[in-house]
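S.K.: Dropping the structure in here first, questions after.
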Amino acid sequence: MSEREIFEETFAEREPKRKEPKQISFRVSEPEFEKLKRSAESFQMSVPAFVKSKAQGAKLVTPKVDRAGAIEIAKQLRAIGNNVNQMARVTNTAELDTNTADNLTSALKDVQEELQNIWETLI
């Protein structure tokens with residue numbers, strides 16, 4: 001048996017290991033590609049993933065916050081979470097007088113309002 005026959009016999013029976021075995025290709029102009037690329041970037045997707053989702057009829061909603069904004073929001077939420085944890089630690093470890101309890105209640109209401117503002121920004 002020749003090397004070619006061995007090669008063909010070995011690899012001819014193999015199926016490609018892909019989730020989706022069918023491939024569709026098409027060409028677009030440079031301006032069309034740039035438009036697709038900008039659209040895909042706004043959804044933080046690759047161009048092929050964006051085109052596939054649109055071809056399947058997906059209704060994509062443009063995020064209101066870009067990646068840098070989302071990172072900043074995450075930082076702010078972590079800071080708020082740290083403050084809430086500090087307040088919870090104080091209330092659990094110490095006997096609070098009425099004045100301190102009122103201050104903590106007021107601070108928690110401020111945090112709640114701030115979180116509501118952030119949530120409304122994201123929706």
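S.K.: State which residue pairs qualify: first residue part of a helix (DSSP H, G or I) and inside the range 60-72, second residue at pLDDT 80 or above in any location, beta carbons under 7 Å apart, and separation of 6 or more residues or different chains.
M.R.: Listed by first residue and then by second, the contacts come to ARG67/GLN44.
S.K.: Further question: Does the range 49-58 contain at least one residue that is touching a residue at least 12 places away in the same chain (Cβ under 8 Å) and open to solvent by 100 Å² or more (accessible area, probe 1.4 Å)?
M.R.: no
S.K.: Filtering the range 112-123 down to residues that are among the aliphatic types (A, V, I, L, M) and open to solvent by less than 90 Å² (accessible area, probe 1.4 Å), which residue is farthest from the chain's Cα centre (by Cα)?
M.R.: In the first step, residues of the range 112-123 are kept if they are among the aliphatic types (A, V, I, L, M); the result is 115, 118, 122-123.
If we keep only those that are open to solvent by less than 90 Å² (accessible area, probe 1.4 Å) as well, we get 115, 118, 122.
Working: LEU115: 19, ILE118: 17, LEU122: 13 Å.
It comes out as LEU115.
S.K.: Of all residues in the range 17-48 being in a helix (DSSP H, G or I) and farther than 27 Å from ILE71 by Cα, which is most open to solvent (accessible area, probe 1.4 Å)?
M.R.: For the range 17-48, the residue satisfying everything is GLU30.
S.K.: Here's something else I'd like to know. Considering only residues of the range 67-111 that are farther than 26 Å from THR121 by Cα and charged (D, E, K, R), which is most open to solvent (accessible area, probe 1.4 Å)?
M.R.: Result: GLU95.
S.K.: In addition: Please name all residue pairs, on different chains or six or more residues apart, with Cβ atoms under 9 Å, provided the first residue is in the range 26-42 and is touching a residue at least 12 places away in the same chain (Cβ under 8 Å) and the second residue is aromatic (Phe, Trp, Tyr) and part of a helix (DSSP H, G or I).
M.R.: LEU36/PHE50
The values are calculated or read from the model by the stated rules, or taken from the named source; none is laboratory data. Computed from a predicted model, the values in this text were never measured in an experiment. Methodologically, a virtual Cβ is constructed for each residue, glycine included, from the backbone with ideal geometry; neighbour enumeration extends over all protein chains shown. Surface accessibility is based on the protein's heavy atoms, side chains included, excluding ligands, DNA and RNA. Shrake-Rupley method; radii C 1.70, N 1.55, O 1.52, S 1.80 Å.
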